Structure formats: structure tokens, C-alpha cells
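Bear in mind these aren't lab numbers, they're just calculated from the coordinates by the rules spelled out. Computed from a prediction, not measured in an experiment: that's the story for all the values here. Using ideal geometry, Cβ is built from the backbone for each residue, glycine included, and neighbour counts are taken over all protein chains shown.
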Amino acid sequence: MVLHCFDLAREIPLRAKLFRVSDVEHVLVAVAHHIAADGLSIAPLVADLGAAYTARCGGQAPGWEPLAVQYVDYTLWQHAQFGDVADSGSRIAGQLAYWRQALAGLPERLVLPTDRPYPVVADQRGASVPVVWPVSLQQRIAAVARAHNATSFMVVQAGLAVLLSQLSASSDVAVGFPIAGRRDPALEPLIGFFVNTLVLRVDLGADLTVGELLGQVRTRSLEAFEHQDVPFEVLVEHLNPTRSMAHHPLVQVMLAWQNLGLGADDSAGGLALGDVTLTPVPVQTRTARMDVSLSLAERWTATGEPAGIEGRWSFALMCSTPPRSKR
């Protein structure tokens, strides 16, 4: 079910099914097409589900409050604010000009060591391994970030760039990272696709100190955030990098830093269904859009203390194997 291919001309972009395991155990699986929802849509979706469940248990229809804005309002506002790429005087054209300069001369591909040759045509078969970093490492990362006026995410970005540079023997490293795209608080309760992919390009050609590297990553990350409104697809269309069926354009490595607000003991992901005991069930889609993707999330206790960093290292099976990725 998680690999369902939606026919958007005939289907609504959401499917849900309740599987009966026993009289007292059931598994609910919900799948949404990315055109209709992103990661931050999970919170309002599960809140609505919880409200509906509570209301139905009480013999009533759920009474949701009307939303202040709808997704269509966001799209109209976005066009009014940023204009059209074809208009050279528009804000969106100005942002595109920044990306033309920032990514000029970017290598076509970051070539990483593989267990087998890259195929002529990439497939989306993938696998993943868990990543668990202890509290001590979480605290060390935070300490380095504070010392250099950066964030923990920037420290991890810098560390990954160094690793990729060593593995690829390239001093020019580009990594993609997703952003929520919900800069207005009014968008927080909406279910929709707001996420965008930005590109962090790191120059490791000089013998940089840790401070110099983090300074570069910080500056370029902040610049990327300032120019975040150009959709990645539009960026690819206008920069027109060499196209290949063998790899993703512009970036082949993705680093996601999840900020979903989940505590270490928040096992239900914020979903409450009366007196029903809830436990999330990990699902492996066994797919990979990128050569390598690292998704991390900081964990915190109920009192706000660090509880480690967890995530997954995902990779394309066409060029790597689980043993190599674990190493």
C-alpha cells in the first residue's frame, strides 16, 4: 500500500486502510501523495483525526473551526508577492539570479565510491539503515555550534560536506536540504505541499579551519534561506544542468534536519484517540530518489533535556549495499 502509484486524474491524493490484527489490535495505514501533503502536514492531519475520533465516540459529528486561510490563498499570495520568473524586475527573478551565480560551474555529479558501476538509467530501489547518535554527541555538536555562532544543523552540514569531499575526492560539494516553506504562522494548520529543496554548495579547496568552514556554511546557508522561494523544479529548468537518466540534477545527496517537535517519549507522534494505546509502526518504502539521504531529528525529554539524535541513512541500491552504508 505504501508503494501505491496515485492516478491523480481519477483518485483523491490520500488513501487510508485499517488492518485488523486481532480483536484488540489494529494497524492504520495512511498514504498521501506529495502533491497534497508534506512532513509538516502530519501534525494537523493527526489532530483532525483525533478530534474526529473523539466526536464520533460521543455520537457527534466533528466540529472543526474554519481555517483562517486555504491553500489557494497561499498560492495567490505567493504570486502577488514574488511575481513571475519571466519578469526580470520581479522578486522571484532576483532570487533566481542569485542561484545562477551561486551554482555556476557546479560539477554535474558528486561521484561517490560504489559497490558496482552507476547504471545508465537510475531506478528508485533503495534501502536504509538506522542512525542513533548519543546525548554526548548531540551536546558536543551544540557546543561547537554555539562557539561559532552557528546551529547544530550547520555543524552537521559542514561535517557531511567534509566526509563527502573525502569520499569523492572533490573539493566542490553540493548537498540538498529541504525547508518547510511555511514562513507565515497562518500556514501551520494547513495540509498541503509547501516544502522546497535548497542547495548548499561548500568550497573545500583551501585548507580551512573549523571556524572558517563553519563561517562559510553559515553564510551560504543563510543566503540560501533568503532565496528560498524559487521552487527546485524551476531552478533546474532555468539553470538547465546537463541532464542524465542516471542521477538527480544538481544534487545527489540530501540532508534533512527534522523539526517536528517530538519528544523522546512521544511515541504516538501527537495523536490521541481516547483510551486507545497507540504505537507507531516503522515502514520501509525501499525506495531512494537520491544516491544518499541522511534524515536526522533531535530528541528531547519531557523536561527539555537532550535525548540524542536519531534518523536514517538511505541509499540507492543501484550503486551501494547495506554493508558499505553501515560502514
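Of note:
- In sequence order, calculated HN-Hα J values of region 198-204 (Karplus, 6.51, -1.76, 1.60; Hz; x Gly/Pro): 9, 10, 9, 9, 10, 9, 10
- Neighbour net charge for SER170 - beta-carbon separation under 15 angstrom, K R +1, D E -1: -2
- Fewest-first ranking of SER314, SER168, SER136, SER22, using other Cβ atoms within 10 Å as the exposure measure: SER22, SER136, SER168, SER314
- Ranked CYS5, CYS57, criterion: other C-beta atoms within 10 Å, fewest first: CYS5, CYS57
- The distance from the alpha carbon centre of region 33-83 to that of region 209-230 is 33 Å, rounded to a whole number.
- Going through (1) 21.1; (2) 20.3; (3) 22.2, the figure that equals Kirkwood radius over Cα pairs in Å as computed for the structure here is (3).
- Sorting 10-16, 305-311 by their mean Cβ neighbour count within 10 Å, with the most densely packed peptide first, gives 305-311, 10-16.
- Dipole of the chain [Lys/Arg +1, Asp/Glu -1 at C-beta], most positive-end residue of TRP133, LEU28, ALA93: TRP133
- Taking the Cα centre of the chain as origin and assigning +1 to Lys and Arg Cβ atoms and -1 to Asp and Glu Cβ atoms, the resulting dipole is close to 860 debye.
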